[in-house]
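**Q** Let me begin by handing over the structure; questions about it come next.
The values are calculated or read from the model by the stated rules, or taken from the named source; none is laboratory data. Keep in mind that this is a model prediction, so the values were computed, not measured. Note that each Cβ is placed from the backbone with ideal geometry, even for glycine, and that neighbours are counted across all protein chains shown. Note: accessible area is taken over every heavy atom of the protein model, side chains too, but ligands, DNA and RNA are not part of it. Shrake-Rupley method; radii C 1.70, N 1.55, O 1.52, S 1.80 Å.
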Amino acid sequence: MKIATILTALATAASGYTILDAENFSTAIMDGYWLVKYYSPTCPWSRKFAPVWEKVYGDLEDKLAENDVFFAEVDCKANRAVCDAAIIDGYPTVVFYNQGVNKGEVPGGQSYEALTAFAQSI
């Protein structure tokens, strides 16, 4: 199981989008700038936000990768400890990490315009 998780993390990291979990979270976010979406698959707000998040990533993927800006997500239902450590109290929540340091929630982090502007400012 661990090998599969590592291979998945490597494959997704190469694409600029990473699925984070308890096994890869702390090492994955140590390098570069990360926008991490914390969500619950059963949360209606998380499901509503998913297309916005995907559009931001899709529109900015190439430009951001050049600047070591990466997108990731954490399923809080499956990775409760990771979300508790980040003090996530609602879904969805987008948090900015700089070289592994939690810099807080992205201001206006659920709108396309706010996320795009923030990501491009990094």
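**Q** Considering only protein heavy atoms and a 1.4 Å probe, what is the carbon-and-sulfur percentage of the accessible area of segment 37-122? Walk me through the numbers on the way to the answer.
**A** Numbers: 2410 of 4570 Å².
Roughly 53 percent of what the probe reaches on segment 37-122 is carbon or sulfur.
**Q** Something else now. So which cysteines of the chain have no other cysteine's Cβ under 4.7 Å from theirs?
**A** Cys43
**Q** In debye to the nearest 20, how big a dipole does segment 44-114 give about its Cα centre with +1 on each Lys and Arg Cβ and -1 on each Asp and Glu Cβ? It would help to have the intermediate numbers written out before the result.
**A** Details: 7 positive and 12 negative charges, 63 e Å.
So the dipole magnitude of segment 44-114 works out to roughly 300 debye.
**Q** Moving to a separate point now. Once Rg/Rh (Cα atoms, Kirkwood Rh) is worked out from the coordinates, which option in (i) 1.02; (ii) 0.93; (iii) 1.14 does it equal?
**A** (ii)
**Q** Further, regarding this structure: Considering only DSSP beta bridges with both partners in the chain, what is the antiparallel share in %, to the nearest 5?
**A** Antiparallel bridges: around 45 percent, rounded to the nearest 5.
**Q** Would you rank Tyr91, Tyr39 by solvent-accessible area, highest first, keeping every protein chain in place and using a 1.4 Å probe? All intermediate terms of the calculation are to be shown ahead of the outcome.
**A** On the way: Tyr91 60, Tyr39 40 Å².
Greatest to least solvent exposure: Tyr91, Tyr39.
**Q** Once label points are set 7 Å from the Cα along Cα→Cβ at both Ala117 and Ala85, what is their separation, rounded to one decimal in nm?
**A** With each label placed 7 Å out from Cα toward Cβ, I get 3.3 nm.
**Q** Here's another thing I want to ask about it. Can you work out the accessible area per residue across segment 60-122, with the rest of the protein chains kept in place, probe 1.4 Å, in square angstrom?
**A** Details: 3280 Å² over 63 residues.
Result: 52 Å² per residue.
**Q** May I pose another question? What number, in percent, do you get for the relative contact order of the chain if the mean sequence gap of Cα pairs under 8 Å and at least 6 apart is divided by its residue count? Write out the running numbers ahead of the final one.
**A** Values: 175 pairs, mean separation 41.3, N = 122.
Worked out over the chain, it gives 34 percent.
**Q** Using the Cα centre of the chain as origin and beta-carbon charges of +1 (Lys, Arg) and -1 (Asp, Glu), tell me which of Phe96, Phe49, Ile19 is placed farthest towards the positive end of the dipole.
**A** Phe49
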